[in-house]
1. Two-decimal Rg/Rh of region 9-229 from alpha-carbon positions, Kirkwood Rh?
2. Just to be sure I understand the model, the point goes 7 Å from the Cα along the line to the Cβ. What's the resulting residue 201 to residue 218 distance in nm?
3. Take the alpha carbon atoms of region 69-116, find their center, do the same for region 140-163, and report the distance between the two centers in whole angstrom.
4. Once every DSSP H run of n ≥ 4 in the chain is given -39500 (n - 2.57) and the sum is divided by its residues, what mean residue ellipticity at 222 nm do you get, rounded to the nearest 500 deg cm²/dmol?
5. Among 185-196, 206-217, how do they line up by average Cβ neighbours within 10 Å per residue, starting with the highest?
6. What order do you get for 197-205, 43-51 when each peptide is scored by the mean count of other beta carbon atoms within 10 Å, highest first?
7. Pulled fully out, how much extra length does the chain show between residue 168 and residue 36, if you take 0.36 nm times their separation in residues and subtract their Cα-Cα distance?
8. For residue 45 and residue 185, what is the calculated FRET efficiency with R₀ set at 22 Å and r taken between the beta-carbons, to the nearest 0.05?
């Protein structure tokens, strides 16, 4: 990742599936939902300070073998998501409990939504959210500048429901994740096309790191929809 003296711009990188690397203003390096070595994306070689794990499935909790000795924050303990609230450096990490399916968790269990509050940006990672958000959950999440939202369906919300979630949270930028790519072409999830179809304009990101600049002169009044590449 780029140097730590970051102000208005944040540097992020999509590593595949629900895994992102990002850096706070104070230099806290965060890795979200790393997959294990059975998932055929490139191995995660990113060095980080904090790892967030939304739930204990192999494609989201691959913390073994990561570089350094990162602090691991787990959203799910036992059979429930826990309302975790911890601060590391200049980042406050909160967990808002949710479910991995729309059947009360009976199919796939709990899921934790990570709210990462930085001095000038709040990033919300929805993990494997499996249902629309009710008003209580939207209120618990609160401010959302950048939303990382699953769109592939089957295991998570699909593209149409993902668009409903984006509209309920009203972020400045919504970045799609957890969709079919050439690396996981045999998985029973869809590509981002259904999600893209819900919007008038979509920004396709090139592979590698990308800037998240929330300056008013960089963004319009409507939520920007970004589709990353790896």
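Read-outs throughout are calculated quantities, based only on the coordinates presented, and are distinct from any laboratory measurement. Note that the structure is a prediction, hence the values are computed from the model and not measured. Every residue, glycine as well, gets a Cβ built from its backbone with ideal geometry; the counts of neighbours run over all protein chains shown.
1. In region 9-229, Rg relative to Rh is 0.92.
2. Roughly 1.6 nm, to one decimal.
3. Measuring centre to centre over Cα atoms gives 15 Å.
4. Dividing the helical sum by the residues of the chain leaves -2500 deg cm²/dmol.
5. Result, highest mean first: 185-196, 206-217.
6. On the way: 197-205: 12.7, 43-51: 17.8.
Output ranking for 197-205, 43-51: 43-51, 197-205.
7. 44.3 nm is the gain from fully extending residue 168 to residue 36.
8. Once the sixth-power term is evaluated, E becomes 0.45.
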